[in-house]
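Here's the structure, in C-alpha cells; my notes come after.
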Amino acid sequence: MFPKFDFLIVGAGFSGLVLAERIINVTGKTCLVVEKRDHIGGNSMDEYDEHGVLIHKYGPHYFRSNSQEVIEYLSQFTEWRPVEYKVRSHTRDKYWKFPVNLETFEQYLGRESTTEEFEQWLEDNKVPIENPKNSEEVIISQVGWELYELFFKGYTLKQWKRHPRDLDASVCGRIPIRTNRDGRYLREEFQALPKAGYQTLFKNIVKACGDKLKIMLKTDYREILDTIEYDTMFYTGPVDAYFDFCYGDLPYRSLTFEHEHFDADQLKAREPISGKVGFYQPEMQVNYPNDHDYTRIVEVKHATGQACTNSTIVKEYPADYVRGEEAYYPVPNDESKEIYRKYKALADAEPNVHFVGRLAIYKYLNMDQCILMALRAFERTVKKTEQSCNEPVEA
Ligand code: FAD
Ligand code: UDP
C-alpha cells in the first residue's frame with residue numbers, strides 16, 4: 001500500500017503553499033508538497049546570513065499589491081512593516097534619483113526645476129509612438145533617447161542579453177516615469193514587507209495546515225511518483241521540464257548572487273557615500289546601467305529595518321540559463337510566446353494536473369499575482385468547474 005494524498009503539489013513557493021493552505025483549511029483534504037530545494041518559500045525566501053543579517057536569498061523581494069483580497073489573505077499569517085522602496089541609478093559617477101522623476105531632472109539640469117518645465121522638456125524630447133511595441137519604444141515614447149540611453153539601454157542589455165527592441169514593452173514598462181517628486185520605485189498602493197520576514201510568514205502558513213500537510217524537501221517530484229497515490233496534481237515548476245522539453249527549451253534568464261559583508265568600522269568609512277550610519281550605500285537598491293558586470297547592488301537592511309551595526313550587500317550578476325539550474329526570469333518576447341503556446345496546449349489537455357505560478361505559466365509574475373492565481377485556481381478546483389486554471393490574473 002502506498003501513502004495516499006488527495007493532492008500532490010509540486011513546489012513550496014508562494015503558489016504551492018497558498019494552494020495547500022486553502023485546500024486543507026476549506027475542504028479538509030490532504031496535501032503532499034514536494035520541493036526540490038532544502039527549504040520552503042521558493043524564490044521569495046529570506047534568511048539570516050552567517051553574520052546575523054537578514055537577506056533575501058534569491059534577489060530582493062519587495063512585496064506590493066493593489067489586491068485587497070491578497071493583502072487580507074496574507075494578513076492572516078503576518079503583520080506588515082510599511083516600506084517605501086527607494087532606488088538609485090549609478091552612472092557618470094553619480095547616484096541619480098530613480099525611477100525618473102522631477103528630482104532626476106533637477107540632477108540632470110544641475111539646478112532646481114518644476115513639473116511644468118520637466119513636462120515641457122519631455123514634450124520636446126519624447127518620440128511620438130502611439131502603441132509602443134517593445135521595451136525601447138515604451139521608454140523613448142515617454143522620455144526620449146537621452147534618458148533611455150542613460151538609464152535603460154545598458155541595464156536591459158546586461159540583464160537580458162537582448163536588445164530592448166527584442167523584449168515586450170511590459171519589461172521596461174514596469175518602471176514608472178513621473179514628473180512630480182514621488183521617488184518610489186513601485187506603483188502599487190500597498191508596499192510593505194512581512195514584519196517578521198518571509199520565512200516566518202511561510203512557517204505560519206504551514207502551521208495553519210496542521211497534520212493534513214506533509215512536506216518533502218530536497219526531493220524532485222519525479223523521484224516519488226511511483227511511491228505515492230494522489231487524485232490531483234498542482235504543478236508550480238517550469239512547464240517545459242514537466243513535458244520533458246518536447247518542444248525545446250523555453251528561454252529563461254538566470255542570475256548569480258555575490259554577497260559581501262561589512263562590519264561597523266567598514267561602514268563608518270562608507271558614511272560619506274551612504275550618507276547614513278550603518279549602511280553601505282544610500283538606498284536599498286542601486287542600479288548600475290552602464291558600468292560593471294552586475295546590474296544592481298541590494299542592501300535590503302534599508303527595507304527590513306533590522307537594528308544591527310553591520311550590513312550585507314548582494315551584487316546581482318545576470319547569467320545564461322542552464323537547463324536544470326534555477327530558472328529565474330521567463331523572457332517576455334514573441335519567440336518565447338510561440339514556444340509557450342505549444343506547451344500551454346499540452347498543459348490544458350493534461351488530465352488531473354493544474355499549472356499554477358510564475359514558471360508553470362511562463363509569465364513574469366510578481367508575488368501578489370501568483371498568490372491571486374493560486375487562490376483562483378483553488379476556487380475553480382473546489383467548485384469543480386471545467387474552466388482552465390492555466391490563465392494569469394491581474395493583481
Ligand atoms: P517559485 O517561488 O519559483 O517556487 C516554485 C518552487 O518549485 C521552487 O521552490 C522550485 O524549487 C520548485 N520546483 C520546481 N521544479 C520542481 C520539481 N521538479 N520538483 C520539486 N520542486 C520543484 N516578486 C515581487 O512581487 N516583488 C519582487 O520584488 C520580486 N523580485 C524578484 C526578484 C527576482 C530575482 C526574481 C527571480 C523574482 C522576483 N519576484 C518578485 C517574483 C517572485 O519571486 C515570484 O512571483 C514568486 O516567487 C513566484 O512564486 P511561485 O511559487 O510561483 O514560484
Ligand atoms: N530596467 C532598466 N534600468 C533600470 C531598472 C530596470 O532598464 O535601472 C529595466 C530592465 O529591463 C529590467 C526591467 O526594467 O529588467 C524591470 O526592472 P525591475 O527592477 O522591475 O526588475 P526585477 O526586479 O523584476 O528584476
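The values are calculated or read from the model by the stated rules, or taken from the named source; none is laboratory data. Quick caveat, the model's predicted, so the values are computed rather than measured. For neighbour counting, all protein chains shown are included, and Cβ atoms are generated from backbone atoms with ideal geometry for every residue, glycine included.
Looking only at residues that are without any contact (Cβ under 8 Å) to a residue 24 or more places away in the chain and over 14 Å from Pro3 (Cα atoms) in the range 212-236, which one is nearest to the chain's Cα centre (by Cα)? Applying the filter and picking the extreme gives Arg222. Checked against (1) near ligand 1 (Cβ under 9 Å from one of its atoms); (2) surrounded by 17 or more Cβ atoms within 10 Å (Cβ to Cβ), His39 meets all criteria but (2). Of the strands (runs of 3 or more DSSP E) lying entirely inside the range 194-312, those containing at least 2 residues that are closer than 23 Å to Arg323 by Cα span 229-235, 252-262.
Pairing residues of the range 131-157 that are at negative phi with residues that are part of a helix (DSSP H, G or I) and away from ligand 2 (no atom under 13 Å from the Cβ), at Cβ distances under 6 Å and at least 6 apart in sequence or on separate chains, gives Pro132/Ser141. Condition test on Val277, is it more than 13 Å from ligand 1 (Cβ to nearest atom), exposed (fewer than 12 other Cβ atoms within 10 Å of the Cβ) and modelled with pLDDT under 95? Here the answer is no, as Val277 does not meet what is asked. Please go through the range 342-377 and pick out each residue that is surrounded by fewer than 18 Cβ atoms within 10 Å (Cβ to Cβ), basic (Lys, Arg) and either near ligand 1 (Cβ under 8 Å from one of its atoms) or in contact (Cβ under 8 Å) with a residue 60 or more places away in the chain (or both). Matches in the range 342-377: Lys342 only. Residues that are over 17 Å from Ile297 (Cα atoms) and out of contact with any Phe, Trp or Tyr (no Cβ under 8 Å at 6 or more places or on another chain) within the range 315-329 comprise Asp320, Val322, Gly324, Glu325, listed in sequence order. Regarding Phe77, is this residue more than 14 Å from Thr179 (Cβ to Cβ) and either in contact with a Phe, Trp or Tyr (Cβ under 7 Å, 6 or more places away or on another chain) or hydrophobic (A, V, I, L, M, F, W, C) (or both)? The answer is yes for Phe77. Test Glu21 against the stated conditions and say whether it is within 14 Å of ligand 1 (Cβ to nearest atom) and among the acidic types (Asp, Glu). In short, yes. Tell me, please, whether a residue that is within 20 Å of Ser254 (Cα to Cα), within 16 Å of ligand 2 (Cβ to nearest atom) and assigned to a strand (DSSP E or B) can be found in the range 7-20. Within the range 7-20 (the criterion being within 20 Å of Ser254 (Cα to Cα), within 16 Å of ligand 2 (Cβ to nearest atom) and assigned to a strand (DSSP E or B)), the answer is no, since none of the residues qualifies. Among the residues of the range 61-91, just one is without any contact (Cβ under 8 Å) to a residue 40 or more places away in the chain and charged (D, E, K, R), namely Glu72. Selection within the range 97-126: residues that are of a type in the set (A, V, I, L, M) and either in contact with a Cys (Cβ under 9 Å, 6 or more places away or on another chain) or over 19 Å from Ser170 (Cβ atoms) (or both). The member of this set that is farthest from ligand 1 (Cβ to nearest atom) is Leu109. Restricting attention to the range 313-332, the residues that are of a type in the set (Phe, Trp, Tyr), in a loop (DSSP other than H, G, I, E, B) and within 14 Å of ligand 2 (Cβ to nearest atom) add up to 1. Scoring Asp348 on the criteria (1) out of contact with any helix residue (DSSP H, G or I) (no Cβ under 7 Å at 6 or more places or on another chain); (2) under 17 Å from Trp160 (Cα atoms); (3) of a type outside the set (A, V, I, L, M) leaves a single failure, condition (2).
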